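Right, one structure below, let's go through it.
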Amino acid sequence: MYRSHTCGELRADHINKEVALSGWVQKTRNKGFMIWVDLRDRYGMTQLIFDEERTSSEMMEKAAQLGREFVIQVTGKVIERESKNPQLATGDIEILVSEFKILNASLTPPFTIENETDGGEELRMKYRYLDIRRNPVKENLMFRHKVGMKVRNYLSEEGFIEVETPYLIKSTPEGARDFVVPSRMNEGQFYALPQSPQTFKQLLMVGGMDKYFQIVKCFRDEDLRADRQPEFTQIDCEMAFVEQEDILNIFEGLTRHLLKEIKGVEIGDFPRMTYADAMKKYGNDKPDIRFGMEFAELNDLAKNKGFNVFDQQELIVGIAVPGAASYTRKQIDKLIEWVKRPQVGANGMVWAKYNDDGTLKSSVDKFYSEEDLQAWAKETGANPGDLILVMSGDANSTRAQLSALRMHLATELGLRNAKEFAPLWVVDFPLLEWDEDTNRYHAMHHPFTSPKPEDIALLATEPGKVRANAYDLVMNGNEIGGGSIRIHDKETQAMMFDYLGFTPEEAKAQFGFLMDAFQFGAPPHGGIAFGFDRLVSILGGHETIRDYIAFPKNNSGRDIMIDAPSKLDNAQLGELHLKVTE
Ligand code: ASP
């Protein structure tokens, strides 16, 4: 028997009991006549004591040899601790060791395995199994498990069943590049790893499964923008005989349940915002609505006043920054520099201070009277003490730039409170999105998304204006999930492929299986997928999803612990019918 109890279990009630514990040596303190050892396992920490008066000299010697991270097994008596530690669950007791065994020695770990560590991120990733021994990482993994269980139980209660779908599939275009896997048995042919189980879950609806979910790995070979992983986890769902409203209700219910059970936060009906409004008010399809600073369009107020820069632009748009009228010129110049960085890409920015005494002072006083600026203040909702910032340019880029600034300022002003949760649905996404690089329309969500029936006629004339039955769940400025009502008939799907630039032959080669299935009684259906890693990290209050993934990849998509990706030897390449050209 390795242990009778865990290292987190013993309390004052256990005093005088004989127990056996196993775990890792976190730390030892050796006073010569007394040695204390902190013994750790997943459940906690227990103090062991070796004491000259009560322990054999042979054992004292052996205990003195113990190093950090040795794995040991001890038996001994639970005794009351002289100086209790209220910080520790087991802090009332310690174990007077009568016997112990070293189960495995350890090299000195490359960083200290304590809550606060001296190891940098790369080092901790290389020895991730050691990092996992640290409380913060261990607790994040346990937290992830807890959220996963709540999701499974909730959806199962709602009648969903978890069905696994294959990982070795055929490429489905969902906007990213596929990871591919060569087939040894089928020369020159490749599987693709799923970007999501999209077509399979639709086929499960054709198969009559009615309500499907799966907590599932998805793979996308994208350039890794901040906080993305090439493999990530989704809560993937699909339902038959539903309309958009049914899906929003179920998944709003799930989100509310998680917020309540995990964070103790009760939230009423989630607000809904159309994509068009989100872009207009926040310049962003995933607005953080924990704070204000809504956009105010100033075209009518700011054009034709002799200020050339504004006169020529498609959009003039401003925000009121609360309490920032006191910013110095230096602080404002810093903000202007910030928006001019290539990552944001603005040409400049106009400002107006709404002073506490009600007067206004701006960088464009030459062109705008106090009255003009009062009108700006009214439109942006500025109060005395606020700073009005105004940007201009073509509508899309200006909105994106001001949105970046809005988030930057909110972070600076401490308005993004991690303890506050502000979910909302963004609905009525455009069906298609123009792609400058390929000079073509792309499906904004994916090619299986159904257009709003009332907009279908626009497909021929103004494809960019067609709205889809597509929706995103957004929380605190993050997209938590997205989905759509699907096309479920062959004709509409064929028409969609046509708009997306597939020839009938290409569509058949890539999606023949789906189009075939639609001829055998496909029910109306729709679904959604939540980004599980992101959801867990938001609920957990951390910034990065890597904190909640046991073995994450770094920013170049590498696993530096196992050193992947790596080269294959020629024999293996040959078997796969592959040749690497440099
Ligand atoms: N498959 C979609 C995605 O991964 C989600 C969905 O439409 O259900 O974004």
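The values are calculated or read from the model by the stated rules, or taken from the named source; none is laboratory data. The structure displayed is predicted, hence computed values, not measured ones. Positions of Cβ are generated from backbone atoms using ideal geometry, with glycine treated the same way; all protein chains shown enter the neighbour counts. Each accessible area value is taken on the protein alone, full model and side chains, heavy atoms only, with ligands, DNA and RNA left out. Shrake-Rupley method; radii C 1.70, N 1.55, O 1.52, S 1.80 Å.
Summary table
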| item | result |
| --- | --- |
| Listed residue (380, 171, 44) projecting farthest to the positive dipole end of the chain, Cβ model | 44 |
| Lys, Arg +1 and Asp, Glu -1 on Cβ, resulting dipole of segment 460-539 about Cα centre, debye, nearest 20 | 200 debye |
| Label-point separation in nm, residue 139 to residue 436, each point 7 Å along Cα→Cβ | 4.5 nm |
| Mean Cβ neighbour count within 10 Å, used as a protection proxy, ranking 423-431, 551-559 highest first | 423-431, 551-559 |
| Dimensionless Rg/Rh of segment 291-415 - Kirkwood Rh, Rg from C-alpha atoms | 0.92 |
| The chain: angle of helix 370-380 to the longest principal axis, Cα-based, in degrees nearest 10 | 60 degrees |
| Binned Cα-Cα distance frequencies in segment 297-346 - 10 Å width, integer % | 21, 36, 42, 1 |
| Too-long pairs where the Cα-Cα distance tops 30 Å, listed order kept, from 27/138; 126/201; 138/419 | 126/201 |
| Accessible area in the full protein assembly, largest first, 1.4 Å probe, for 508, 366, 150, 62 | 366, 508, 62, 150 |
| Among 527-536, 87-96, the order from most to least packed when residues are scored by Cβ within 10 Å on average | 527-536, 87-96 |
| Segment 571-582 - phi-based ³J(HN,Hα) in whole Hz, Karplus 6.51/-1.76/1.60, Gly and Pro as x | 4, 5, 4, x, 4, 8, 6, 10, 9, 8, 9, 6 |
| Cβ-Cβ FRET estimate between residue 420 and residue 378, R0 fixed at 25 Å, reported to 0.05 | 0.30 |
| Accessible surface, per residue, of segment 433-582 when the full set of protein chains is kept, probe 1.4 Å, Å² | 50 Å² |
| Spin-label model distance (nm) - residue 168 vs residue 241, 7 Å beyond Cα toward Cβ | 3.7 nm |
| Computed lengthening from residue 263 to residue 89, 0.36 nm per intervening residue step minus Cα-Cα distance | 60.4 nm |
| Exposure of residue 286 as accessible area (Å², to 10), given a probe of 1.4 Å and all protein chains | 80 Å² |
| Cβ charges +1 (Lys, Arg) and -1 (Asp, Glu), total dipole of the chain, debye | 1400 debye |
| Estimated vicinal HN-Hα couplings, Hz - segment 242-256 in sequence order (Karplus 6.51, -1.76, 1.60; Gly, Pro = x) | 10, 10, 3, 4, 5, 5, 4, 5, 4, 7, 5, x, 4, 5, 5 |
| Residue (of 496, 248, 32) at the positive-pole extreme of the chain, dipole from beta-carbon charges | 32 |
| Computed helical MRE - 222 nm, the chain, DSSP H runs ≥ 4 contributing -39500 (n - 2.57), nearest 500 | -8500 deg cm²/dmol |
| Per residue accessible area of segment 198-239, 1.4 Å probe, in Å² | 36 Å² |
| Accessible area per residue, Å², segment 293-413 with all protein chains present, probe 1.4 Å | 48 Å² |
| Approximate spin-label separation residue 369-residue 121, in nm, with each point projected 7 Å along Cα-to-Cβ | 5.4 nm |
| Listed residues 303, 17 arranged by accessible area, highest first, probe 1.4 Å | 17, 303 |
| Under the Karplus curve 6.51 cos²θ - 1.76 cosθ + 1.60, θ = phi - 60°, whole-Hz ³J(HN,Hα) for segment 177-194, x wherever Gly or Pro sits | 7, 8, 7, 10, 10, x, 9, 5, 7, 10, 3, x, 10, 9, 8, 10, 7, x |
| Sorted peptide list for 263-276, 476-489, criterion being average Cβ within 10 angstrom, highest first | 476-489, 263-276 |
| Sulfur and carbon atoms: percent of accessible area, the chain [1.4 Å] | 48 percent |
| Computed magnitude of the charge dipole of segment 196-243 (debye, nearest 20; Cβ of K, R +1, Cβ of D, E -1) | 100 debye |
| Principal-axis tilt of helix 329-340 within the chain, Cα atoms, nearest 10 degrees | 80 degrees |
| Candidate residues 416, 40: accessible-area rank, largest first, probe 1.4 Å | 416, 40 |
| Radius of gyration and Dmax over the Cα atoms of segment 451-582, both given in Å | 21.5, 58 |
| Tilt relative to the chain, helix 135-157 - C-alpha long axis, 0 to 90 degrees, to 10 | 60 degrees |
| Accessible surface of residue 581 - all protein chains present, 1.4 Å probe, nearest 10 Å² | 110 Å² |
| Across 330/378; 330/361; 452/490, pairs whose alpha-carbon gap is larger than 21 Å | 330/378 |
| Pairwise Cα inverse-distance average, inverted: Kirkwood Rh of the chain (Å) | 28.4 Å |
| Amide hydrogen neighbours beyond the local backbone of residue 27, cut-off 5 Å, H modeled | 38 |
